[in-house]
1. Take the stretch A:16-61, compute every pairwise Cα distance, and split them into 10 Å bins from 0; I just need the percent in each bin.
2. Provide the percentage of antiparallel DSSP beta bridges, counting only those with both residues in the stretch A:477-622; round to the nearest 5.
3. Rounded to the nearest whole Å³, what is the per residue volume of the convex hull around the Cα atoms of the stretch A:735-848?
4. Taking H as built 1.01 Å from N, whose amide H comes closer than 5 Å to the amide H of A:ILE336, not counting residues under 5 places away?
5. List, in order, the whole-Hz ³J(HN,Hα) value for each residue of the stretch A:425-440 obtained from phi through the Karplus relation with A = 6.51, B = -1.76, C = 1.60 and θ = phi - 60°; use x for Gly and Pro.
6. Round to the nearest 0.05 the FRET efficiency obtained for A:ASN97 and A:ASP665 when R0 = 60 Å and r is the Cβ-Cβ distance.
7. Give me the number: length gained by fully extending A:GLU295 to A:GLN524, i.e. 0.36 nm times residue separation minus the C-alpha to C-alpha distance, one decimal in nm.
8. For the stretch A:721-875, give me the percentage of DSSP beta bridges that are antiparallel, rounded to the nearest 5 percent.
Amino acid sequence: MSELKMDKNYNPKEFEDKIYDFWMDKKYFEAKVNKDKKPFSIVLPPPNITGQLHMGHALDHTIQDVIIRFKRMQGFETLWLPGTDHASIATEVKVLNKIKEDEGKTKDDLTREEFLAKAWQWRDIYGRKIVNQMKKLGNSCDWSKERFTMDEGCNDAVTEVFVNLYNKGLIYKGNRIINWCPDCQTTLSDAEVEHAEKAGHFFHIKYQIKGTDDYLEIATTRPETMLGDTAIAVNPDDKRYHDLIGKTAILPIVNREIPIIGDKYVDLETGTGALKVTPSHDPNDFLIGKRHNLEEISVIDEKGFMNENAMHFKGMDRDECRKEIVKELDEIGVLIEVKDHLHNVGVCYRCGTVIEPRVSKQWFVKMDDLAIPALDALKNKDMKLIPERFGKTYNHWLEGIRDWCISRQLWWGHRIPAYYCEDCGETMVSRDVPHKCSKCGSENIKQDADVLDTWFSSALWPFSTMGWPEKTEELDYFYPTNVLVTGYDIIFFWVIRMMFSGIEQMGEVPFEYTLIHGLVRDSQGRKMSKSLGNGVDPLEIINEYGADALRFMLMTGNSPGNDMKFMIEKVEASRNFANKIWNASRFVMMGLEDSTSNFELTGNEELDLSDKWILSRLNEVTNDVTSNLEKFELGLAANKIYEFVWDEYCDWYIELAKKRLYGEDEEAKLTVQKVLMTVLKDILKFMHPFMPFITEEIWTHMNSTNKALIISEWPEFDETKLDKNSVEQMNGIMDAIKNIRNVRATMDVSPKIKAKLLVIAEGKVRENIITNKQYLIDLASCSEVILEEKTNISDDAVSVVIEGAELFMPLSDLINFEVELKRLEDEKKSFESEIKRAHGKLSNKGFVNKAPKALINKEKDKIKKFEDMLVSVNERIESIKTKL
RNA sequence: GGGAGUAUAGCUCAGUUGGGAGAGCGCCUGCCUUACAAGCAGGAUGUCAUAGGUUCAAGUCCUAUUACUCCCACCA
């Protein structure tokens, strides 16, 4: 036993860093291929290097750390593989902003190489910062295996996958309409487009029908795109316009002749039922254009300005152009009306700029064939989502998936491994840079300028980080991983793409379970965001309350998949819990310094009721907590530990232990010390995954010679150690104590005043009370406990009626008989209502016939119990009445 | 337009296969009882959103309704 040096208050700052260094020094986090042990692996969702970790990361990481630490203690070879993500577009935006701030330069002023040098500097700074934050949180990641999505290995994996998919025809380059952000000046995938409701207008415009004075009324929200109109479409079933199909309309302002075509896509109800078709600037119109072989006329450039096809509007930005064109339409008398209109517009998920659909040549992943096995994997339960309801989101997205646009007009990211012959235009996709053109032999070869969508590399994370495409031992041993932990907001971006990538490249799902959590919101339920300034920095909380308090708070009071509010009161409550276990441990270890005992129970000790009770409860809790953790019910497990530690171990067992601890009987003292230590050790083990620092710190105080808590064995449930009898007896005693305390409080009797306790009871209850009378003396302010006959009870006593016994306290003049009468009458009422209830149930034939026998017997016992108690209470009431 | 979630004590939320409503915080009363006032003891507070249904039995399962939230979507 080490010398006790524990402060009165829990002070996490004094040991958290020290403990983390200790784990690092001993390399406890490092995973090795070990065929004698079962593997358990998690890959960390790599945080973006755009900045620092927020509360959502703290939640995500804590969940993983709890699972990993639990599995490590259970004897698995655990790998938690950490890393960071280059976050292509997000980081590029940040780095460019920084360059602008520092040097006043824009992207146009920089070469690609200059930019990349700055970006790598950024990644070094923020990558390190993020890792430090994770360490503060206590993450037990294997840092020796830390990865980055743009490191050499990941680059190889990306190239390999690209080439594989290209060779299989699953990656192609095509001229298609894509989402374009005019501000970021790059394409975006469908998942990167958010929809925002915006107030706009419906402009109703006349298009003259050629050779007549008739006109067709068109409604549009984007009049500026009319400059690129190449048709008008109506539904062939629409009686109003039916006859116009095949005729020609004249585009106002431009005076271009455009055909009127029939297409089922057009909705009869929407707008005027006639649709202007702009194949270059609308995804639907693009498809209509393909069906009818329409010309594509682009009128807006990549920066969002009108181009040379826009006549005198050239050079205006698209919003300005809208105003001008409406003005002009009005002037020439073709603007019929303008209606207010609320509609959804696509905006860039990074900068919020309204997306401009554009036709351009981009790289795509063909999704149809890849989606099917990913759908099957969920259906066949090769991968299980927790909670299951997210399966709907998963399926819905995969079922409706369109080809994935993967090229980005950015610099920061994986350069696309496609090469073009400058002479003959041949496209070559290969792992290595080709020396000469495979078609014409020219050496004039240029690599594609674009980079890949950042999620392309993230999708490979579960295997790229384990050495793939090499066939490594790690990959063989740790893949597929066991569980992936992430927020529901990232199912589309990441989970789904990892799924089809893992299945396609590895032939196996990347993880067996996906555990999905919600968002951490602010105390008012708003999303934490920079613009609102309502973010809470995990490091500040750790600094003030300790990482353990933060972790425990994140793990309790919410359930999987649901959002949670961050409230400082909850952190305080968790900190108080840490303080509780700190002081309980301090108490247990006080006076143990000089002992030579190892405080292991041998089985030969003389255990009293409270010992048997707490040991049996410990065993039960072991079972509950373990099964909760195995089912990833982390919050339930944490709650059970909390209750066991605080309510049962501290408030009852420790209080009862004091008598023997402070007594003269050395043997009894040693026994109780052993039980205290035994239970405490397991408590520390249960708590360790949730509160790793404080538990390890306490462990070093109590167990300096043994191995570290982090690698100690998880307690095993032993059914033979359940002692139902003792638990039942102890519950009886606790019930008596609570009742006595209640009565005394009702009577306003100071705890300092001790009173005799006269007991009337028979059989087992009588024996129980007498054997354990010391408990009543210690915890219920009794001076002594005496068995009595009913006839000898004086009238100036208050009484407590419990199951199988009546307890009397002669408090004479301290008793307020009116209060006592009221109390007894309340009690009587409650007994009567219980009896009525039970009778009600038992007189219900359906219940008697169909309910389980145990339940029926329970009701019968209840009646007996309360009827007995009712008799006693009635006697007391009569007796008290004589005193008034 | 489609889908999902939430609705339980004043507040924040648990409630694991249906079998007598829980916690933390807050509130009230009394305690500095030699582990802990970041504590101890006692107490009050709920038509478990509404209406039906299934069942012997519903906070829990089913249906509808209401309110709030979120996600998806190519109605100009």
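Bear in mind that the values in this text are calculations on the coordinates, not laboratory data. Everything numeric in this text was worked out from a predicted model, so none of it was measured. Cβ sites come from the backbone with ideal geometry, for glycine too, and all protein chains shown count toward neighbours.
1. Here the calculated profile for the stretch A:16-61 is 19, 31, 42, 8, 0.
2. Expressed as a percentage, antiparallel bridges in the stretch A:477-622 total about 10.
3. Numbers: hull volume 13.7 nm³, N = 114.
Output value, Cα hull per residue: 120 Å³.
4. Close amide H contacts, sequence-distant or interchain: A:HIS204, A:ILE205, A:LYS206.
5. In residue order, the calculated couplings are x, 4, 9, 10, 10, 7, 5, 10, 5, x, 7, 9, 5, 6, 9, 10 Hz.
6. Values: r = 73 Å, r/R0 = 1.22.
Result of the calculation: an efficiency of 0.25.
7. 77.2 nm
8. If we restrict to bridges inside the stretch A:721-875, about 70 percent are antiparallel.
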